[in-house]
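One structure is given here, and the rest of the page talks about it.
Read-outs: derived from the displayed coordinates by stated rules, not from any lab. Here the structure is a predicted model, which is why all the values come from computation and not from measurement. Backbone-built Cβ (ideal geometry, glycine too); neighbour counts: all protein chains shown.
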Amino acid sequence: MTTLLITGGAGFIGSHVARKMVLGHPEIHVLNLDSLTYAGNLENLTDIENRSNYQFIKGDIVDEAFMEKFFATYPIDGVIHLAAESHVDRSIANPMAFINTNIVGTVNLLNACRNSWKEMKGKLFYHISTDEVYGSLGSEGLFTEETAYDPRSPYSASKASSDHLVRAYHHTYGIPVVLSNCSNNYGPNQFPEKLIPLAINNILHMKSIPIYGKGENVRDWLYVEDHAEAIEQIFQNGINGRTYNIGGLNEWQNIELIRLLCRIMDEKLERTSGTSEGLITFVKDRAGHDLRYAIDSSRIEDELGWKPSLTFEQGLTRTVEWYLENQEWMRRITSGAYQSYYNNQYGDR
Ligand code: NAD
Ligand code: TYD
């Protein structure tokens with residue numbers, strides 16, 4: 001049996017990847033290593049927690065001694081590395097946490113692989129990254145795998161740095177690696193600091209929806225299970241040393257996205273049309289706010305046959321339904337420490 005280490009498996013994307021690998025691959029033993037920061041939540045995994053090919057271990061990838069011991073304890077063949085600090089606004093407020101987890105944590109993992117993998121054949125380190133490493137686009141063009149790196153937030157700079165280190169360990173020490181850089185994800189289990197779940201929660205409670213600047217910034221949105229599917233395919237069939245861009249072919253200006261979401265929410269909540277849109281509030285722009293991200297994902301489509309399976313309307317509707325059915329999940333997350341984060345970021349609206 002292959003032993004696969006998933007880092008950050010209690011987070012948003014990681015929980016979908018862990019579920020897919022545990023349920024779809026009984027021949028693989030999945031270890032989920034997560035330090036359970038504010039963004040980690042074992043409730044995301046209750047349906048797989050008792051599976052015989054699944055094991056959760058609490059641990060911090062920044063702890064070098066722990067990581068070395070961990071690799072000495074478990075016979076790890078593959079790593080899908082998702083553990084990270086992931087929110088741009090938090091990186092603006094507190095960059096050091098991003099340097100520690102995203103850069104130092106990734107190097108600790110790479111060192112542990114390098115030290116414990118005497119034979120590199122059959123091993124793989126898969127680094128999950130973001131399209132934000134490529135910087136910001138104007139109104140034209142798409143990021144390809146050849147686009148020069150130009151990260152502009154502490155978050156994207158830390159992810160760019162970890163991408164470079166993964167490639168450096170591949171070239172220098174021969175560690176087999178693959179990388180993927182994905183656009184904005186949305187879907188069940190996303191922490192409500194991110195735009196879509198934040199807006200869903202605020203609409204539900206008739207609170208204002210904060211839109212940074214004029215709402216003209218563009219993101220390319222991908223349903224999280226489509227991302228998890230791409231990750232599974234790259235893990236199984238990706239070429240050693242190669243990078244794959246993953247995108248939704250689904251660009252939306254923030255304001256248009258929020259208007260669509262408001263329409264879906266009015267319908268689901270049986271509110272008079274236009275009620276939710278009335279909650280839109282333009283607030284101070286994010287510092288250094290990247291204008292537009294958009295991905296050319298033709299490599300993964302051509303080479304691995306992957307493409308998104310849902311339209312945005314389908315994905316958003318599923319997402320809204322999930323949040324409406326899981327209000328307790330949201331209530332637990334938004335009470336406590338999150339409340340002070342929210343008030344600090346947005347004021348007590
Ligand atoms: P998330 O913030 O929801 O989850 C991150 C997880 O990592 C949490 O469970 C947290 O507890 C864990 N973690 C954080 N620091 C850790 C540490 N030091 N040691 C061990 N575990 C730690 O993030 P997400 O949105 O699921 O993103 C997962 C990965 O995908 C990240 O690497 C992110 O950069 C990348 N990514 C995210 C998106 C997106 O739209 N969310 C898009 C492209 C790439
Ligand atoms: P976010 O979900 O934080 O993802 P990222 O910054 O990684 O793209 O933000 C998505 C877009 O929405 C981004 O342009 C910033 C904007 N935004 C708002 O307008 N208001 C908000 O409250 C948040 C969290 C984001």
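Quick notes
- Local charge for ALA83 was computed over the other residues whose Cβ lies under 11 Å away, with Lys and Arg +1 and Asp and Glu -1, and equals -3.
- Here the extension length gained between GLN345 and LEU324 equals 5.1 nm, from 0.36 nm per residue of separation less the Cα-Cα distance.
- Near LEU36, once Lys and Arg are set to +1 and Asp and Glu to -1 for all other residues with Cβ below 10 Å from its Cβ, the sum equals -1.
- Peptides 332-341, 260-269, 233-242 ordered by average Cβ neighbours within 10 Å, highest first: 260-269, 233-242, 332-341
- Cβ-based charge dipole, the chain, positive-most Cα from TRP306, TYR38, TYR244: TYR38
- Rel. contact order, % - alpha carbon contacts under 8 angstrom, at least six apart, the chain: 17
- The simple Förster model, with R0 at 25 Å and r as the Cβ-Cβ distance, assigns ASP302 and ASN240 a FRET efficiency of 0.90.
- Cα-projected label distance for GLU267 with GLU146, points at 7 Å along beta-carbon direction, nm: 4.2
- Stretchable slack from ILE255 to MET206, in nm (0.36 nm times residue separation minus alpha-carbon distance): 15.9 nm
- Packing, as the average of other Cβ atoms within 10 Å across residues, places the peptides 304-310, 155-161 in the order 155-161, 304-310, highest first.
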